[in-house]
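Trainee: Sharing a structure, written as structure tokens. Questions coming.
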Amino acid sequence: MDPLLYVFDLIVFIGIFSIVSLSLNLEFGFAGLANFGKVAFFLIGAYTYALLSQVGVPFYLCLIAGALISAIFGLVISLPALRLREDYLAIAILAFGEILRLIVKSEDWLAGGDWGVTVSPAVSLVGASHRVDALINIALVYLCLFICFLVVQLLTNSPYGRVVRAIREDEVAAEALGKDKSKYKAQALMLGSAMTGIAGGLYAQYLQCVLPGMFMPMITFTVWIMVLLGGPANNWGALLGACLVEIFDRGTNIAKDYLTLPIDPSNLQYILFGALIIVVLLYRPQGLLKETQVRTKAMEMVRRGRSAVRNKGS
Amino acid sequence: MINWAQVFFNSAITGSLYLIGAVGLTLTYGLSRFPNFAHAEFITLGAYIGYLVAEQLGLGLPSALVVAFSVTGIVGVLCYCGILQPLARGGASIIHLMVASIALGFIFRHSIGALWTWKPLYFTAAWSAFDIGPLRISGLWVGLIFAALVLSLAMHFLLMNTKIGKAIRASASNPELALASGINVDRVVWITWFIGAGLAAVAGIFRGADTQIWPMTGWDIILPIFAVAILGGIGNFYGSIVAAFIIGLAENIGVVGLIALGFSTTYRIGIAFLILIITLIVRPQGLAMLFRRA
């Protein structure tokens, strides 16, 4: 295989999963929601894209529709689910994802059942080589990633972000200050789902097919590893985590071809993933990049004041 | 023409399997206060150890059950002592504990995949099916229902009449008070994890003998088992007996309904998922109110 294409492929995957990782970071890192069903929203985005593009809807509308439908599902789920304890929420969303996968698997008329459907790529130039196609994909994915990152970064450093963090830290205190915790959590889940929906659409058009087998719960936990490794409540951490996990994933795939190991690398990969996440939770629960303080004018002044005092003192 | 006798018999089979699988989950969930997703892998591990003993070593099913129970039980205790308890002591949130248990599950599932490969394995012992009236019965199914009965009676005796059982109930309802009354809560928790993981292994062997064994054996049935634990009320053994048979009935009657309505029978497992979600939303305490005693 063309090595350059392999690198491009890796870059696209990092981009797509960075979006999912960012969205989980918003939900778990900032809002403290245990979304164990990320793959459900990923699936919704992917299947929406696939089904709409089949009837000739342009790709950007497919992506937006995927985001919207995913967001609606996020909202619908959040209405009853947010009253639940965090462990119940996790189990309920996990079951929701499995039900969705059962539906697309069983309903042949909807999206080909087990065999899935093929999806046409978002942009296809006549006579373009694979490399050019990959570059177009990179541009598209990173444009979406950039927009998502900007939105999340601005949002989490805004008063909104502070409220969400406050609710995560202490629901009762935040409610005592008049913040409606369910509303904020529902919004976080909705926005997170919308972003995951976009990522799902990008994934579908990049791989040019959707199959129920692509949406195993494993995807959810890979994204959890990304967020926990990179650093919850730190958007750069989410990106870093996505990069590391994807590179590691590819690394073991390459190792499969060049090394003879006593165990099958695809098994070894997940054993190492599991061990890694336990080590991270035991020894560095804040992840590689720590949560940063919110930057506000008042905080800046306090910091400047302090350093001024320190300068005077010396 | 629907053979209702068979539907009810099948419900008893399904319910028995889920009950044996769910006891450990519900007790450890109640005591340690987090859902252990690695319970799925205890089931799988039990099935493989059972296969190793019964088929690869040729020692037969009874010894397979005993060995799988003990080994998986010890593995369960080690997981708890080695990883989950230190995490909980270090102040990990419930979300972190859930993720850690999933990570543990990954390690087990793929270690099993590496040891035995991902190809499905089958117990070779043939279970001759025979007919009693309209019922189709096999020795395995009778054994499974018998095992669930024995388990229910044994657990009832353990929880109600023995010191350790009372200690388990005390520690689940109020760990501080139990500690203050001189109960060694840590030991109680370890024993519960041992029994729970061991029973998961028994469920794994029955499931494996009934269908097939592969590294996802446990994960395939973990959500129905969660449904049983939650519908029964977390930590509530008597609740889970009722819940297991409710879900067994729902699945088997549901299949009849699915066929009648022209849906695919792959939705069978989805029925349990649906019950799980509805219970969580409508009545997260499950049937616990009906069985206050445990």
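The values are calculated or read from the model by the stated rules, or taken from the named source; none is laboratory data. Being a predicted model, the structure only gives us computed values, none of them experimental. Cβ coordinates were reconstructed from backbone atoms using ideal geometry, including for glycine residues, and neighbour counts include every protein chain displayed.
Trainee: Just wondering, is there one or more residues in the stretch A:106-118 that are under 21 Å from residue B:274 (Cα atoms) and among the β-branched types (Val, Ile, Thr)?
Mentor: No.
Trainee: Moving to a separate point now. I'm trying to understand the selection: among the residues of the stretch B:77-90, which are part of a helix (DSSP H, G or I) and facing chain A (nearest Cβ under 8 Å)? Steps first, answer last, please.
Mentor: Step one: list which residues in the stretch B:77-90 are part of a helix (DSSP H, G or I), which gives B:77-89.
Result: B:83, B:86, B:87.
Trainee: Can I ask one more? Within the stretch B:91-102, track down each residue that is more than 7 Å from every other protein chain (Cβ to nearest Cβ), not polar (S, T, N, Q) and not in a helix (DSSP H, G or I).
Mentor: B:91 - this is the single residue of the stretch B:91-102 that is more than 7 Å from every other protein chain (Cβ to nearest Cβ), not polar (S, T, N, Q) and not in a helix (DSSP H, G or I).
Trainee: What is the residue count in the stretch B:124-143 for residues that are modelled with pLDDT of 80 or more and in contact with a Lys or Arg (Cβ under 9 Å, 6 or more places away or on another chain)?
Mentor: Residues in the stretch B:124-143 being modelled with pLDDT of 80 or more and in contact with a Lys or Arg (Cβ under 9 Å, 6 or more places away or on another chain): 0 in total.
Trainee: Considering every residue within the stretch A:142-152, establish whether at least one is among the aliphatic types (A, V, I, L, M), out of contact with any strand residue (DSSP E or B) (no Cβ under 7 Å at 6 or more places or on another chain), within 14 Å of another protein chain (Cβ to nearest Cβ) and surrounded by fewer than 18 Cβ atoms within 10 Å (Cβ to Cβ). Please lay out each step first, then the result.
Mentor: Taking the stretch A:142-152 first, the residues among the aliphatic types (A, V, I, L, M) are A:143, A:145, A:147, A:150-152.
Applying the additional criterion that residues be out of contact with any strand residue (DSSP E or B) (no Cβ under 7 Å at 6 or more places or on another chain) yields A:143, A:145, A:147, A:150-152.
The next check asks that each one be within 14 Å of another protein chain (Cβ to nearest Cβ); those that pass are none.
No; the residues of the stretch A:142-152 include none that is among the aliphatic types (A, V, I, L, M), out of contact with any strand residue (DSSP E or B) (no Cβ under 7 Å at 6 or more places or on another chain), within 14 Å of another protein chain (Cβ to nearest Cβ) and surrounded by fewer than 18 Cβ atoms within 10 Å (Cβ to Cβ).
Trainee: On the given criteria, is residue A:193 touching a residue at least 24 places away in the same chain (Cβ under 8 Å) and surrounded by 13 or more Cβ atoms within 10 Å (Cβ to Cβ)? Let's see the steps before the verdict.
Mentor: Values: touching a residue at least 24 places away in the same chain (Cβ under 8 Å): yes; surrounded by 13 or more Cβ atoms within 10 Å (Cβ to Cβ): yes.
So residue A:193 fits the description; yes.
Trainee: Based on what the data block shows, is residue B:94 surrounded by fewer than 18 Cβ atoms within 10 Å (Cβ to Cβ), under 24 Å from residue B:27 (Cβ atoms), in contact with a Lys or Arg (Cβ under 9 Å, 6 or more places away or on another chain) and in contact (Cβ under 8 Å) with a residue 12 or more places away in the chain?
Mentor: Details: surrounded by fewer than 18 Cβ atoms within 10 Å (Cβ to Cβ): yes; under 24 Å from residue B:27 (Cβ atoms): yes; in contact with a Lys or Arg (Cβ under 9 Å, 6 or more places away or on another chain): yes; in contact (Cβ under 8 Å) with a residue 12 or more places away in the chain: yes.
When the stated conditions are applied, residue B:94 passes them.
Trainee: Inspect all residues belonging to the stretch A:110-130 and state whether any of them is out of contact with any Asp or Glu (no Cβ under 8 Å at 6 or more places or on another chain), within 14 Å of another protein chain (Cβ to nearest Cβ) and among the hydroxyl-bearing types (Ser, Thr, Tyr).
Mentor: No, the stretch A:110-130 contains no residue that is out of contact with any Asp or Glu (no Cβ under 8 Å at 6 or more places or on another chain), within 14 Å of another protein chain (Cβ to nearest Cβ) and among the hydroxyl-bearing types (Ser, Thr, Tyr).
Trainee: Within the stretch B:104-132, count every residue that is surrounded by fewer than 16 Cβ atoms within 10 Å (Cβ to Cβ) and either among the β-branched types (Val, Ile, Thr) or part of a helix (DSSP H, G or I) (or both). Full working, then the answer.
Mentor: From the stretch B:104-132, those surrounded by fewer than 16 Cβ atoms within 10 Å (Cβ to Cβ) are B:115, B:117-120, B:122, B:124-132; that's our starting set.
Checking the rest, the ones that are also either among the β-branched types (Val, Ile, Thr) or part of a helix (DSSP H, G or I) (or both) come to B:115, B:117, B:124, B:132.
Residues in the stretch B:104-132 being surrounded by fewer than 16 Cβ atoms within 10 Å (Cβ to Cβ) and either among the β-branched types (Val, Ile, Thr) or part of a helix (DSSP H, G or I) (or both): 4 in total.
Trainee: Tell me, yes or no, whether the stretch A:37-44 has at least one residue that is of a type in the set (Gly, Ala, Ser), part of a helix (DSSP H, G or I), at pLDDT below 95 and in contact with a Gly (Cβ under 8 Å, 6 or more places away or on another chain).
Mentor: We begin by selecting, within the stretch A:37-44, every residue of a type in the set (Gly, Ala, Ser); these are A:37, A:40.
So of that shortlist, the ones also part of a helix (DSSP H, G or I) come out as A:40.
Imposing the further condition that a residue be at pLDDT below 95 reduces the set to A:40.
Next cut, in contact with a Gly (Cβ under 8 Å, 6 or more places away or on another chain) only: A:40.
Scanning the stretch A:37-44 turns up at least one residue that is of a type in the set (Gly, Ala, Ser), part of a helix (DSSP H, G or I), at pLDDT below 95 and in contact with a Gly (Cβ under 8 Å, 6 or more places away or on another chain).
Trainee: Within the stretch A:70-90, take every residue that is surrounded by fewer than 21 Cβ atoms within 10 Å (Cβ to Cβ) and among the aliphatic types (A, V, I, L, M) and give me the one that is farthest from residue B:282 (Cα to Cα).
Mentor: Top of the filtered list is A:72.
Trainee: With respect to residue A:219, is the statement that it is assigned to a helix (DSSP H, G or I) and more than 15 Å from the chain's Cα centre (by Cα) true?
Mentor: On the way: assigned to a helix (DSSP H, G or I): yes; more than 15 Å from the chain's Cα centre (by Cα): no.
Answer is no for this residue.
Trainee: So, one more: Which numbered condition trips up residue B:205, out of (1) in contact with a helix residue (DSSP H, G or I) (Cβ under 6 Å, 6 or more places away or on another chain); (2) among the β-branched types (Val, Ile, Thr); (3) within 14 Å of chain A (Cβ to nearest Cβ)?
Mentor: (3)
Okay, residues lined up against (1) among the hydrophobic types (A, V, I, L, M, F, W, C); (2) more than 14 Å from chain B (Cβ to nearest Cβ); (3) assigned to a helix (DSSP H, G or I); (4) farther than 30 Å from residue A:111 by Cα:
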position: A:213; (1), (2), (3), (4): no, no, yes, no
position: A:232; (1), (2), (3), (4): no, no, no, yes
position: A:238; (1), (2), (3), (4): yes, yes, yes, yes
position: A:243; (1), (2), (3), (4): yes, yes, yes, yes
position: A:257; (1), (2), (3), (4): no, yes, yes, yes
position: A:275; (1), (2), (3), (4): yes, no, yes, yes
position: A:298; (1), (2), (3), (4): yes, yes, yes, yes
position: A:303; (1), (2), (3), (4): no, yes, yes, yes
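Trainee: When the residues of the stretch A:12-59 are filtered to those that are surrounded by fewer than 18 Cβ atoms within 10 Å (Cβ to Cβ) and not polar (S, T, N, Q), which remaining residue is nearest to the other protein chains (Cβ to nearest Cβ)?
Mentor: The qualifying residue nearest to the other protein chains (Cβ to nearest Cβ) is A:55.
Trainee: Next question, about the same structure. Check A:172, A:210, A:223, A:227 and return the single one that is among the β-branched types (Val, Ile, Thr) and over 30 Å from residue B:220 (Cβ atoms).
Mentor: Values: A:210 fails: over 30 Å from residue B:220 (Cβ atoms); A:223 fails: over 30 Å from residue B:220 (Cβ atoms); A:227 fails: over 30 Å from residue B:220 (Cβ atoms).
Just a single option satisfies the conditions, and that option is A:172.
Trainee: Sort out which residues of the stretch B:88-123 are at pLDDT 90 or above and among the hydroxyl-bearing types (Ser, Thr, Tyr), and write them in order of number.
Mentor: B:101, B:111
Trainee: Still on this structure, please answer the following. Being among the acidic types (Asp, Glu), touching a residue at least 60 places away in the same chain (Cβ under 8 Å), within 14 Å of another protein chain (Cβ to nearest Cβ) and assigned to a helix (DSSP H, G or I), is that true of even one residue in the stretch B:37-46? Talk me through it step by step, then tell me what you get.
Mentor: In the first step, residues of the stretch B:37-46 are kept if they are among the acidic types (Asp, Glu); the result is B:41.
Checking the rest, the ones that are also touching a residue at least 60 places away in the same chain (Cβ under 8 Å) come to B:41.
Add one more test, that the residue is within 14 Å of another protein chain (Cβ to nearest Cβ), and what stays is B:41.
With the extra rule that they be assigned to a helix (DSSP H, G or I), the set shrinks to B:41.
Checked the stretch B:37-46: at least one residue is among the acidic types (Asp, Glu), touching a residue at least 60 places away in the same chain (Cβ under 8 Å), within 14 Å of another protein chain (Cβ to nearest Cβ) and assigned to a helix (DSSP H, G or I).
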